[in-house]
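Undergrad: To start, I am sharing the structure in question, which I have written as structure tokens.
The values are calculated or read from the model by the stated rules, or taken from the named source; none is laboratory data. Note that the coordinates shown come from a computational prediction; the quantities given were computed from them, not determined experimentally. FYI the Cβ positions are ideal-geometry reconstructions off the backbone, even for glycines, and counts take in every protein chain you see. Note: accessible area is taken over every heavy atom of the protein model, side chains too, but ligands, DNA and RNA are not part of it. Shrake-Rupley method; radii C 1.70, N 1.55, O 1.52, S 1.80 Å.
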Amino acid sequence: MPLIDPARSLLLIIDVQVRLMPVIADGAGILANTGRLAAAAHRLDVPILVTEQNAGGLGPTVPELAPEPGTAFPKMSFSATRTPGFLERLPADRDLVVTGCEAHICVLQTVLGLLEAGRRACVVCDAVGSRRTESRAAALTRMAAHGAEIVTTEMVVFEWLGTARHPRFREIMTLIK
């Protein structure tokens, strides 16, 4: 498998919303790791796409990760890939680095849809969550069985950097420590 190249990546943040995060197991850790990835993506010019599931019921994306106004991708289907226009928002040459909630519902169904569409999906296991830890574990197992790569926040960040000589290495290391 090739390394995760920042020039060929898109960070996909699925449904990290204000009314959902308080009930997610280790929600603070999921949010912190997603924030680290978003900050690294910004510094390395990796595009970010944020989805919001039923924003009327679950609220907007948490303030720490809020996209530019009007840029969140709204959806009602659990799989973003079933929402018209979603796949077209993903440049064909980009691999998807996936974070979000809930791992066993929207993340799982979106990742399976991405794989079915022939896309590379790298699911960040320490940046996806569910209300129950067993649901998260089962989702990660199922996604891996169908071809998703299961990675960690640090794996992604260090693969995006590629070398300790990267001009932004020290700056990005402050996100990890």
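Undergrad: Would you please list the contacts, defined by Cβ atoms under 7 Å and residues six or more apart or on different chains, that run from a residue in the range 1-26 that is open to solvent by 70 Å² or more (accessible area, probe 1.4 Å) to a residue that is in a loop (DSSP other than H, G, I, E, B)?
TA: R8/D93; R8/R94; R19/G59; V23/R131
Undergrad: Step by step: first the residues of the range 108-155, then only those that are polar (S, T, N, Q) and open to solvent by 50 Å² or more (accessible area, probe 1.4 Å), then the one that is nearest to P84 (Cα to Cα). Which residue is that?
TA: Among those residues, the one meeting the criterion is Q109.
Undergrad: Moving on. May I ask you to say which residue of V111, V157, V128, V97 is assigned to a helix (DSSP H, G or I) and either touching a residue at least 40 places away in the same chain (Cβ under 8 Å) or among the basic types (K, R) (or both)?
TA: On the way: V111 fails: either touching a residue at least 40 places away in the same chain (Cβ under 8 Å) or among the basic types (K, R) (or both); V128 fails: assigned to a helix (DSSP H, G or I); V97 fails: assigned to a helix (DSSP H, G or I).
Answer to the selection: V157.
Undergrad: Now for a different question. Residues of the range 163-177 being more than 20 Å from the chain's Cα centre (by Cα) and touching a residue at least 40 places away in the same chain (Cβ under 8 Å), which ones?
TA: The answer is R168, E171.
Undergrad: Is the range 41-56 home to any residue that is in contact (Cβ under 8 Å) with a residue 60 or more places away in the chain and in a loop (DSSP other than H, G, I, E, B)?
TA: Within the range 41-56, one or more residues are in contact (Cβ under 8 Å) with a residue 60 or more places away in the chain and in a loop (DSSP other than H, G, I, E, B).
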